[in-house]
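In what follows, a single structure is set out as structure tokens and then discussed.
Laboratory data are not the source of any read-out in this text; all were calculated from the coordinates shown. Since this is a predicted model, take the numbers as computed values, not measurements. When we count neighbours, we look across all protein chains shown, and the Cβ atoms used for this are built from the backbone with ideal geometry, even at glycine.
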Amino acid sequence: MDELEHLKDLPVPASRPGARAWAMEAALAAFDGAQKNPAPATQESSVPVRPISVPRNEIRRFFMRMTRPNFATAASIAALMVAVPLAVTLLHRNDGPRLVIVDGESGPTAKAPVSNGVRPESVPELAKPDATLPAKVATVAKKKEAEGGAAGAVRQPAETDKTGMLVDAPPPPLAVAPASPAASDDQSAGITGGMTMSDAAQVPGLPPAKTDVGHLAGTLRAQPMEKAEAYIAQDSLPAQPQVDSRERHPGLTDNPVRPVVAEPVSTFSIDVDTASYAFTRRMLNTGQLPQSDAVRVEELINYFPYSYPKPETRDVPFQPTATILPAPWNPAHKLVHIGIKGYAIQSIERPRANLVFLMDVSGSMQPADRLPLVKNALRLLVDQLQPDDTVGIVTYASGAGVALEPTRISDKSKIIAAIDALGAGGSTAGAEGIEDAYRMAEAHFDKTGVNRIILATDGDFNVGLADTEALKGLIERKRQSGIFLSILGVGQDNYNDTLMQALAQNGNGTAAYVDTLNEARKVLVEEASSTLFTIAKDVKIQVEWNPARVSEYRLIGYETRALKREDFNNDKVDAGDIGSGHTVTALYEITPAGAVPAADALRYGAKTADAPAKAGADGEYGFLKLRYKLPKEDVSKLISLPLTPALEQTPSAEVRFATAVAAYGQLLRGSPYLGAYGYDDVIALAQGAKGDDPFGYRAEFVNLVRLAKSARP
């Protein structure tokens, strides 16, 4: 048990993943130490032993689950709460068999004697309370921060543990001032000694005593070993309190119903982002409903490809189409469905790509659904590029650095090797990495090609410039050079969706959320041209409604994309971008004149009128206008389409499926506009409109709707 003496040198890790790794390693060290150095048996204390073999990976999973507090300090203390009570009570007790730890799923189970006692010179005292523990913890944490944690502390290279798990390399131990000579041994051990459950309960981030590790240790002492063994199994652990999510999403308020006499014009920027769909899918697959702010209805609708009419030339990259149909949730209302299909660049037209992968390699990117997933995703993308395309890699953690100078795809092995070598550790200096990525892209700028940065991150910028508005300003200035920024968001419990949306919107790029390798394949393989090659930028839509035919209207989604009426003709105002082959859908719910309106009519009517109705316009529901710029131009072009009764026709499967997705998104948001329309209605509408579904996206959607029916809030 001599290894337990070293627990007093346990430092306070700089990051939550680092803390978890430390806690796990400390606990496992206690078990391994006890196995290698069992207490000597005596004739009086020796008892018969029935050996029990517990796989080491099971112990590892146990400690992974038991050490999930929010704060690194609390996680470090949790290491001792796991290591000492379990090592002492399980391995050196006199009422049961010895626990044997093995490296694989099975191993030797030779009998070993068990001692009645524990050597006091090698095991810290646990029973004596220490009321000064919280102050000690705070002192050590402040000292750690002062030594450079927030300013870019130097991290040792990441290393792989015995099971192949990538962990932070241990930083140097912190020096802890010894107590006075009169102090007990446990007090002289700094933050590790004299810790009881009452002490731990005072540290923020630790679970309540009734569900913590001390409770588990007490349970194991009081029960036969057969029951104790069950607690080690993953499915038998006591329930743990859920850690509060640190995910951040833009605050959204549903677009309201607007009276045409007061606000006849609706203006917004198009959006082809899809991050919200993948994020909500991840939540539903865990049995939970997503928070309403995470649901952006337009991103759910635009996640799917639609067979809208294709434009014929690249000079006019899309032609809007429209369909008017009854609203499924309110037959007295109508839906105006607007669809846009972007021009698909042919391989012979494809420009050369100058790409910079900006990789977040901070400590928060260690889990399998973050950096390892991103690395696999980028390998897929590299396979889609042409030999003359170039790729550079910039990384950032506590600071930024260059992992790969721009290299042609013809030297693919060098690029793959650089991706494979990436490891996670440190804090997150995201702004510094963004600046370095732009410097690399500018130094190798291709005037005739596509210049794009792809930022892969969980969005946890905690060092340097982290203010959303300041970062938006930086990206806005850089996009003027012709370098666009796209986002690959990853991770859970920590994802900064607000920041990712802001960066993508201001960087003339798209934001995708990658929760699985299949999603990475969709974004970077099946839709590689759409992701990389822009066919139109600053695309805006404006609809003027005719008060003679429409009394009210409501735009479904696009809450974060609203523009002022005068912004439509202002070419200085930034708007959305469309990639090669992209489809964009927008839906309005309108109240025809004569139907019961949601709001009372004005007593005095409209005080002003912009202009008398033009000849032939009285029969129109409204008038659609669309502005866009070609990628290399700064002056916008205009496309228009009258919304006439002739567009009232039997909706196609594409229109009906988009309508089903719109209803689903509104249900997830808790919209008040759907009445009694529910998930079963969405399933019925979508099932009859799946049409051609080569990749199974629409079938998956129907299953997600079923999950939403039973998901918990």
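Brief remarks follow.
- Cβ crowding within 10 Å averaged over residues, with 690-699, 315-324 ranked highest first: 315-324, 690-699
- Remark: spin-label model distance L380-K637 equals 3.3 nm, labels positioned 7 Å along the Cα→Cβ axis.
- Cα gyration tensor shape for the stretch 241-367, rounded if a/c is under 1.5, else prolate or oblate: oblate
- Per-peptide packing, taken as the mean over residues of other Cβ atoms within 10 Å, places 469-476, 278-285 in the sequence 278-285, 469-476 from highest down.
- A straight chain from E700 to D493 at 0.36 nm per residue would run longer than the Cα-Cα distance by 72.1 nm.
- Of the residues A424, T448, A437, the one whose Cα sits farthest towards the positive end of the charge dipole of the stretch 408-452 is T448 (charges of +1 on Lys and Arg Cβ, -1 on Asp and Glu Cβ, taken about the Cα centre).
- Where labels lie 7 Å past Cα in the beta-carbon direction, separation of A646 and E312 in nm: 1.8
- Charge tally in the Cβ shell below 10 Å around E700, where Lys, Arg are +1 and Asp, Glu are -1, E700 excluded: +1
- Dipole magnitude of the stretch 282-440 about its Cα centre (Cβ charges: Lys, Arg +1; Asp, Glu -1), debye to nearest 20: 420
- Compared with the alpha-carbon gap, the fully stretched path from E263 to Q288 is longer by 5.2 nm at 0.36 nm per residue.
- Relative protection proxy for 402-408, 632-638, 508-514, 290-296, from highest mean packing down: 508-514, 290-296, 402-408, 632-638 (other beta-carbon atoms within 10 angstrom).
- Average Cα contact separation per residue, the stretch 611-713, under 8 Å, 6 or more apart, as relative contact order %: 20
- Three-way shape label, the stretch 370-413, alpha-carbon gyration tensor, a/c 1.5: oblate
- Cα gyration tensor shape of the stretch 670-713, rounded if a/c is under 1.5, else prolate or oblate by comparing a/b with b/c: oblate
- Extension gain, I416 back to E526 (0.36 nm per residue minus Cα-Cα distance, nm): 37.6 nm
- Model label points for Y604 and H444, set 7 angstrom from Cα along the Cα-to-Cβ axis, are 6.5 nm apart.
- The V596 and R408 beta-carbon pair, evaluated with R₀ = 45 Å, returns a calculated FRET efficiency of approximately 0.10.
- Of the cross-linked pairs K478/K625; K334/K564; K540/K632; K540/K637, those separated by over 19 Å at the C-alpha level are K478/K625; K334/K564.
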